[in-house]
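*Asks:* Have a look at the structure that comes next, please.
The values are calculated or read from the model by the stated rules, or taken from the named source; none is laboratory data. Since the model is a prediction, treat every value here as computed from it, not as a measurement. Cβ placement follows ideal geometry from the backbone for every residue including glycine, while neighbour counts extend to all protein chains displayed. Heavy atoms of the whole protein, side chains included, go into the accessibility calculation; ligands, DNA and RNA do not. Shrake-Rupley method; radii C 1.70, N 1.55, O 1.52, S 1.80 Å.
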Amino acid sequence: HKKKVISDEKREKTKAVVSTQSTGEFPNSIQLSSTQLNLKMILVGLVVALLGPIYSDAYNNILSLPAPENTENYLLLDDPFQAPLTELTMCAWYRQAYNDTGRYFLSYAVPGSSNELLIGDAGGELRIYMDDKSWTSSYDPQENVWTHICWTWQSETGNVVLQIDGVVVDEDSDFATGETVRTGGAMIFGQEQDSFKGDFVKSQSWLGTLYNLNIWNRAMSKEDLNLVYTDGFCGSGIDSMNPTLSWDDIMTGELKEQPPL
């Protein structure tokens, strides 16, 4: 038999990658092996509108989770929270490659609860789980479009606010009232944990790019959410807002990737 040679370029297209963009560059399109997802560069006008000053190399790191569907590509961060959370705000830039079924970009599990915190798309609706309690927004996540998302929650009231690209698109109350996000868990980006750190399902793999995700241990006001958004794609103002879990922290996680073909 002849030995099958796989080019380095083909190998790269199937691997999870943390890529570093040089100062001033907007992230490139996701490099996918599937011809069904022919992504293009963001328009120059959008680049000008979104770029902010860059002061830290961490703000150049972009997590790329390419097609095809798999159970091997993900980023794992152990024990991300130092104390339980009774309030939280999560903000991130993301661009998902599919909008078809349940695919969650953030999966936080603790022993005994695989859905301690789960955020993503459920067949055309944004859905969030907390300790198996679900909240669904009518917002329809878009495919192949860089989107800024912020979501806040308060345990005491169950109040939630969803902001997309600087605009509040959904508000609700009495969600996961009295609950706590517990410590001692595993946070995974790119796969959904159906058990603690495991039982991944290929059809649930999240495919796309994720950038500058931060979590705070407080429910931000709408004014503060606007500050996060207007900081820009590559702004560094978030540092001064003291995130409980920063993108810097997340980038210290263990990157798992699909083995060479």
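*Asks:* Please pick out the residue among D79, D131, D100 that is closer than 19 Å to G208 by Cα and surrounded by fewer than 19 Cβ atoms within 10 Å (Cβ to Cβ).
*Replies:* Working: D79 fails: closer than 19 Å to G208 by Cα; D131 fails: closer than 19 Å to G208 by Cα.
Every option except D100 fails the conditions.
*Asks:* Please state which of the following conditions V168 fails to meet, knowing it meets all the rest: (1) open to solvent by less than 20 Å² (accessible area, probe 1.4 Å); (2) under 24 Å from N99 (Cβ atoms); (3) at pLDDT 95 or above.
*Replies:* Going through (1) open to solvent by less than 20 Å² (accessible area, probe 1.4 Å); (2) under 24 Å from N99 (Cβ atoms); (3) at pLDDT 95 or above one by one, V168 breaks only (1).
*Asks:* In addition: When segment 136-154 is examined, which residues are found to be in contact (Cβ under 8 Å) with a residue 40 or more places away in the chain and open to solvent by 10 Å² or more (accessible area, probe 1.4 Å)? Can you show your working first?
*Replies:* Our first condition is that a residue be in contact (Cβ under 8 Å) with a residue 40 or more places away in the chain; within segment 136-154, this holds for 140-154.
Passing the criteria: D140, Q142, E143, N144, V145, W146, Q154.
*Asks:* Now for a separate question. Condition check: without any contact (Cβ under 8 Å) to a residue 40 or more places away in the chain and open to solvent by 10 Å² or more (accessible area, probe 1.4 Å). Does E179 satisfy that? Full working, then the answer.
*Replies:* Working: without any contact (Cβ under 8 Å) to a residue 40 or more places away in the chain: no; open to solvent by 10 Å² or more (accessible area, probe 1.4 Å): yes.
No.
*Asks:* Any idea which of (1) modelled with pLDDT under 95; (2) of a type in the set (F, W, Y); (3) open to solvent by less than 10 Å² (accessible area, probe 1.4 Å) is the one F189 doesn't satisfy?
*Replies:* Just one mismatch for F189, condition (1).
*Asks:* Same structure again: Which members of segment 111-125 meet the condition of being open to solvent by 10 Å² or more (accessible area, probe 1.4 Å) and either modelled with pLDDT of 95 or more or polar (S, T, N, Q) (or both)? Working first, answer last.
*Replies:* Kept after step one, since they are open to solvent by 10 Å² or more (accessible area, probe 1.4 Å), are these residues of segment 111-125: 111-112, 114-115, 122-125.
Scanning segment 111-125 gives P111, S114, N115.
*Asks:* Now for a separate question. Can you pull out every residue in segment 182-227 that is part of a loop (DSSP other than H, G, I, E, B) and acidic (D, E)?
*Replies:* Going residue by residue through segment 182-227, those that are part of a loop (DSSP other than H, G, I, E, B) are 182-185, 190-194, 196-197, 199-201, 205-207, 217-221.
Scanning segment 182-227 gives E192, D194, D199.
For every residue, the table says whether it meets (1) hydrophobic (A, V, I, L, M, F, W, C); (2) at pLDDT below 95; (3) open to solvent by 30 Å² or more (accessible area, probe 1.4 Å); (4) touching a Ser or Thr at 6+ places or on another chain (Cβ under 8 Å).
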residue: D231; (1), (2), (3), (4): no, yes, yes, no
residue: D239; (1), (2), (3), (4): no, yes, yes, yes
residue: N242; (1), (2), (3), (4): no, yes, yes, no
residue: S246; (1), (2), (3), (4): no, yes, no, no
